[in-house]
Structure formats: C-alpha cells, structure tokens
1. For segment B:186-273, list the strands (runs of 3 or more DSSP E) that sit wholly inside it and hold at least 2 residues that are modelled with pLDDT under 95 and either within 11 Å of another protein chain (Cβ to nearest Cβ) or in contact with a Gly (Cβ under 8 Å, 6 or more places away or on another chain) (or both); which are they?
2. Do the conditions hold for A:Leu52, that is, is it modelled with pLDDT of 95 or more, within 16 Å of ligand 5 (Cβ to nearest atom) and either under 23 Å from A:Phe109 (Cα atoms) or in a loop (DSSP other than H, G, I, E, B) (or both)?
3. Filter segment A:207-261 down to the residues that are assigned to a strand (DSSP E or B) and out of contact with any strand residue (DSSP E or B) (no Cβ under 6 Å at 6 or more places or on another chain), then identify the one that is nearest to A:Arg175 (Cα to Cα).
4. Report, by residue number, each residue of segment A:17-44 that is over 24 Å from A:Ala317 (Cα atoms) and in contact with a Lys or Arg (Cβ under 7 Å, 6 or more places away or on another chain).
5. Given the options A:Glu95, A:Glu104, name the one that is at pLDDT 95 or above and open to solvent by 20 Å² or more (accessible area, probe 1.4 Å).
6. Would you mind telling me which numbered condition in (1) surrounded by 21 or more Cβ atoms within 10 Å (Cβ to Cβ); (2) in a loop (DSSP other than H, G, I, E, B) A:Thr280 fails?
7. Just to be sure I understand, how many residues within segment B:63-77 are modelled with pLDDT of 95 or more and at positive phi?
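The values are calculated or read from the model by the stated rules, or taken from the named source; none is laboratory data. Predicted model, so just to flag it, every value in this text is computed and none were measured. Cβ atoms come from the backbone with ideal geometry, glycine included; neighbour counts cover every protein chain shown. Please note that ligands, DNA and RNA were not included when accessible areas were found on the heavy atoms of the full protein model with its side chains. Shrake-Rupley method; radii C 1.70, N 1.55, O 1.52, S 1.80 Å.
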Amino acid sequence: MTETLLDGPTTDVRAPVLSVRDLSVEFDTRDGALPALQGVSLDVHAGRTLALLGESGSGKSVTAQTVMGLLDPPGRVTGGSVLFRGADLLTASAEERRRVSGEEIAIVFQDALSSLNPVFTVGEQIAELLRVRRGMGRRAAAARAVELLERVRIPAPADRARDYPHQFSGGMRQRVMIALALALEPTVLIADEPTTALDVTVQAQIMDLILDLQRELDMGLVLITHDLGVVAEVADTVAVMYAGRIVEQGTVHELFAAPAHPYTRGLLRSIPRVDREDDTLWAIPGTPPSLLGRAPGCAFAPRCDAVVERCTVERPALVDPEPLSPGTRRLSACHRREEVLHGHA
Amino acid sequence: MAMPDVVLSVENLTKHFTARGSLLRRSPHVVRALDGVSFDLRASETLGIVGESGCGKSTLARTIVGLERPTAGRVTLRGEDVHAARGRDLRVLRRRVQIVLQDPYTSLNPRRTVRDLLLQPFEIHRDLLPRARREARIDELVELVGLNPDHLDRYPFQFSGGQRQRIGIARALALEPEVIVCDEPVSALDVSIQAQVVNLFQRLQRELGLSYVFIAHDLSVVRHISDRIGVMYLGKMAELGDRTDVYDTPRHPYTSALLSAVPVPDPALRGTRSRRLLEGDPPSPVDPPSGCRFRTRCWKAQDVCATTEPPLTAPDPREQAFACHFPMTQPATTAS
Ligand SMILES: Nc1ncnc2c1ncn2[C@@H]1O[C@H](COP(=O)(O)OP(=O)(O)OP(=O)(O)O)[C@@H](O)[C@H]1O
Ligand SMILES: Nc1ncnc2c1ncn2[C@@H]1O[C@H](COP(=O)(O)OP(=O)(O)O)[C@@H](O)[C@H]1O
Ligand code: SF4
Ligand code: SF4
Ligand SMILES: [Mg+2]
Ligand SMILES: [Mg+2]
C-alpha cells in the first residue's frame, strides 16, 4: 500500500477521486469580505477516510458546502477548483454539477431533523430520490427504500418506512440520513459532524455503520469533526483547519504521535482521556480569531506557545518539514514546523 | 447519620412528570424522569454524573437546586431540607446551592449588560451585601473568572461562548455558594475553550472550597474533573464510586459498555480496546422495564433481572456501589 510518493500528503497510490485545490471562499458581510476559506487543498481517495478537524468557525462546513455545490450567496468562491475524477465541478455545466453532487458525492449533516422533510414519511423521501434520480417505478422504489433502511440497521424497516422524521430518535434519524445519502451508492461521502449531537453509545453505532458501508461500497469518506477521539479511531489522514486554512496535514498515526504545528499539539494536550487520569489539562489560551481584518502573520500567533517575531509579520505557508519516514509527507503551516515536530519548540 | 463533611445529601430523590395525552398517546402518562436517586456530596468534592440523553441528569440538577419539587425523597444542605424551607430560610438555602447551565447562549438575559447580570443576584438577596459594596464585589468576580473588567458594560451577544460561560460562572459565584450544580457546563464549547473552562472550575474549587455536582455526557471530561462518579440509567443510579474504580474496573454492565464506546484519542490503541456496542436507545421512562431497567439492552441478563430490581450496594465498602445481579468481574490481577 505505502509507496514513496512525492506529489501529495497521503500515502495512497491510487489517484484521488476528489481533489480540492487551493480553494478560497468569501462571504460578503456588512463589515466587509469575510475570507472563510483561504487556499484549502484536500485529496479524497476511494475506500479511505480523511478527517477534517477543526473548531467551530474554522471553515469545515463551508468546505463541504462548496464541494457539494451548496454554497449560497453571500458566499462565493474566489479561487481554486474542486476536481471530481479530474474534472472541475466549479466550471462544469449545471447538469453535470447536479449529477455529480447528487449521485457521486453525498453528504450527511449533523442535524438530521432539519435536513429531512417533515411532511413526508422517510420511506417516501428515499423512494422519491430513487424515482427522480434512478427512474425507478413507484413500487420498486418503495421496496428499495425499505432495503436501505434495513441496511442502516433500522429495526422493523417496513413499518418504520411509514413513519415521519419526528417519530425517530436522534440516532435513528441519523441512520435515515445515511440511508438517503447512500441510496445512489456515491463515490464519496461527506459526513459533517454526523455524531456530534449524539450519545457516545449511539455515536459508536453510527460510526460503525458508516465504516461498514464505506468498506462495502469502497467509498471515499470525508469525516468532518472536532472530536479527536473519533479521528484517532477512524481516519487514515487528517487535515487540521484553523481560521479558514489547513494548518497541518498528515497520516493519523504520524500526526498524533508527533504534531508539527503548535495548534495541533495544543489540541492534543487539551483533551482529557477516558482511559487515564491527568492532573492538569493544558489549555490553549485566548479564543479563535475573527476572520475579518486579519493581521498579516500567522493566524495562530496570538495563542501560540512557540511564537517568534517572524510569526506576526510573515504568514507561514503549508509546506512539508523533513520527511518522517519514506513514503509519507507531512504538511505544516508553521515557521517553526521542524522544531515543533522534533519537540524542540 | 451523615458523615461530618457531607455538604449536600440526596435521599431517594424522585421526580415524576405527568405529561398530557398526545395524538399518539391518548391518556395522560407519567414520565419517571428520576426514580429514587441517593448520594452524598462531600466538602470540596466533585461528583460527576454521566449517562445517556434522557436518563434524568438535568431533572436531578433542577430538583437539587429547587427549580423542581420532588415527587418523593429529599435534598438536604448540611442537614436542612431544601424543599421544606420557606421564606428567609429558603432564600438562604437557595443562595448556597447555585446552578450553571449548558448553554451560555440562552441562560443569560440578552438585554442586560454583564454588570446588570452580575448585580441581579444581589437584588434578589438584598441582605447579603450593602449596595455600596456591590460594584467592588463585581470587579472581584470578574477578575476571579478571568473576564476583562473593561467589558462589564457589554451585552452577552458580544461575547464568545467561553466568555459567556465565564459570565454564568461569575453569576453563580456572586452569592458565595457552597455547592454548584453544573449541567453540561462545557458541552457547547470548542475543544480549546473547554479546557480553559474546566481549568477554571478546578481553580475555583481549590480557591473557594466549592463542591460540585458536575453533569456531562463527555465521559473523559467527567473523569478528569471528578473525585467520584455516578452513572445513571433511566432515572436510577447504576453505579456510584471513586472515579478510578468506576472507570478502570466498572462493575455494572452498563458502565462498562458506556465506557467502551468512548473513543480514545490515540490511533496507536486502535483495535486494542475491547468494545461492546449497545444496541438501540434506552427504553422510554414512561414505561421502564420491570426488574433491572437495563435488562432490555444487557447481554448478561437472566430471568431474575426481569423480576427483581437489583439494589445499589457496595459489597466491598472500600469499592464502588453498583446495582446488578451479575456484575462484571474484576480482573484477578491488576494488569499494568
Ligand atoms: N417538564 C417535563 N415534563 C415531562 N417530561 C419531562 C420534563 N422534563 C424532563 N422530562 C423527561 O424526563 C426524562 C429525563 O429528562 P432529563 O432532561 O433530566 O434528561 P437528561 O439526562 O438531562 O438528558 P440530556 O442528556 O439529553 O440532557 C426525559 O425522558 C425527559 O423527556
Ligand atoms: N452564510 C454565511 N454568511 C456569512 N458568514 C458565514 C456563512 N456561513 C459560514 N460563514 C463563516 O464562515 C466561517 C467558516 O464557517 P463554517 O465552515 O461553518 O465553520 P465550521 O468549521 O464550524 O463548519 C465562519 O467564520 C462563519 O461565520
Ligand atoms: S508560525 Fe509562529 S505563531 Fe504560527 S504556529 Fe508556528 S510558531 Fe506559532
Ligand atoms: S441486573 Fe441483570 S439485566 Fe441488570 S445489569 Fe445486571 S445482569 Fe444486566
Ligand atoms: Mg460546521
Ligand atoms: Mg440534560
């Protein structure tokens, strides 16, 4: 699997199915243009999981929305591309765009209740999708909807297909969302905080389900989350976002073992663990920056424990430090990336 | 008799809600949100409470601080019954047990400045501090929780979630309580801010000798902050004891399953932890299972579990109490 690769941060030899290249997005606000994404690049590979990790407001959902073609005004793409199997979706015809973002790339949101239609039964909603997109007949689509509900392990699927979204618990509703997302057997699944509002018991069920289906369909998975535990358990590669940029990227094992960016390092130190007791918790000081009227240097500088003078004047680019092992490359947007990586800063 | 250092004692606390009939359910029904919970909270101690959504954590919190009247059972603060008190006694008792809520966004009145919000408790409890000294006390509070004193005349919406939680904490501290009941106080916060607020709670406890009942669904945060931990299931306490006992050698199957579902932020441990997935959701508290309430999801259940409710007891008084007929066995030798 792992071979020497010089053109990207992942270890996968297959070409990515989805590539985001240098994507920039702005929102026009009363206070001026808000640069929500600034040069974001990501690669998603079939059968693999990319975790997009970051705190609220860092740009995770805007990334997902832009990939899905769901970015509405006042948001607009100001640069970059979204390549699906090499073709740019941002310049594709409306028809091709609709086809890809309905059938090839699917999304599951955190809030299943507001993404489902309250006045149709869940069976009707899945069947409708199959009729419109796959041209299935009424009866076949209804039967397929029940199969899909069964596949996401909803008990008594034939009965539950006749229920409305509000009649499901949070976890069951999330399963319905997943059934809808998988109805067309997408190539890529984007899951935007799919378990954030759920109990750990239900979170474990849902993550298990998503991973099983991923294996079965050889899907590329983009898992958007702020939960480092979930990332550690399921991701192959991780991209850490801060203030609209990717600040660190690498394989999950390398990134957790030796972060190369002070923000990643701070996050890893600031979470308590269920399997041991630590007396004090490291806390990253300060609060995430406002994206408006940003200073020229590193966005993390006001909170960084490794900050040097250069950081406040020069924005660090996302380039790789010394390779840690053959075949892997790490990206870190930090002037002191190598010192941080080797524990000297 | 309660031990001398017990601050707050919860005895057989029960809260049933009568909900009106709905379209689906014609007749009124009883939601057994809290069904006979008992524990003692000691001075300067943190008791963590965990359990799945709907198990009664918030109902417990609200009943302890007097926002709900119990259906049965009682809550005593240094021996005085919180719900039996009237008039001045009631006000004094209320003052000594404060609550901090999850959502800093909704628990603060948006039309009042931080200064007003912090002055409010003194207007309710007028005899606590003469008017002339209140402003000085507010400056102290703001400093204590790490807010910028220049921001006192701002409104809650002008603050971040973490800062709003600091305002909520300052308000709870205004009346110098002995006990703070925290209901999901860090759940709405970002990872980096969560650590700041957890550290603030711990520092305040050290400096002011506070006792906390700390409710959260994040089991890692609860382990970190608590001395002892209670695990609730469907309105009852399933397990209660020292944090290390409860987390490292859980005796109740529910505790064990719950803990095994928590992801550990270390990819090197992938696949090395044994995990038991619980199926489905907890049953409805309107119609809880007979006998042991966990039996419908328990892989160890036997016939007796359906007929006889296991009491919460500690067979070895040095270890945790648990309510199970067939508890998880402890490892014979303590590995690592
Ligand atoms: N005022 C009320 N009337 C009727 N039922 C109620 C009322 N308040 C709570 N309940 C029910 O009591 C049970 C316990 O609710 P509670 O809010 O205490 O749970 P919780 O453990 O805090 O859950 P969560 O983790 O979701 O906050 C639930 O079934 C809830 O629906
Ligand atoms: N519709 C919108 N209008 C203005 N700003 C927006 C809008 N949607 C998102 N943003 C801003 O874009 C940034 C990134 O948001 P988002 O991608 O939702 O973050 P998250 O990482 O929490 O998913 C934030 O500063 C947010 O306020
Ligand atoms: S560039 Fe400077 S301020 Fe930014 S993360 Fe690196 S050391 Fe910290
Ligand atoms: S009493 Fe029985 S059903 Fe309940 S937890 Fe123990 S073994 Fe399981
Ligand atoms: Mg988001
Ligand atoms: Mg609650």
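1. In segment B:186-273, no matching strands (runs of 3 or more DSSP E) lie anywhere.
2. yes
3. My answer is A:Thr225.
4. A:Val17 - this is the single residue of segment A:17-44 that is over 24 Å from A:Ala317 (Cα atoms) and in contact with a Lys or Arg (Cβ under 7 Å, 6 or more places away or on another chain).
5. Residue meeting the stated conditions: A:Glu104.
6. (1)
7. 1
Residue-wise test of (1) modelled with pLDDT of 95 or more; (2) buried (at least 18 other Cβ atoms within 10 Å of the Cβ).
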| site | (1), (2) |
| --- | --- |
| A:Val67 | yes, yes |
| A:Asp72 | no, no |
| A:Arg85 | yes, no |
| A:Phe109 | no, yes |
| A:Gln125 | yes, yes |
| A:Arg133 | no, no |
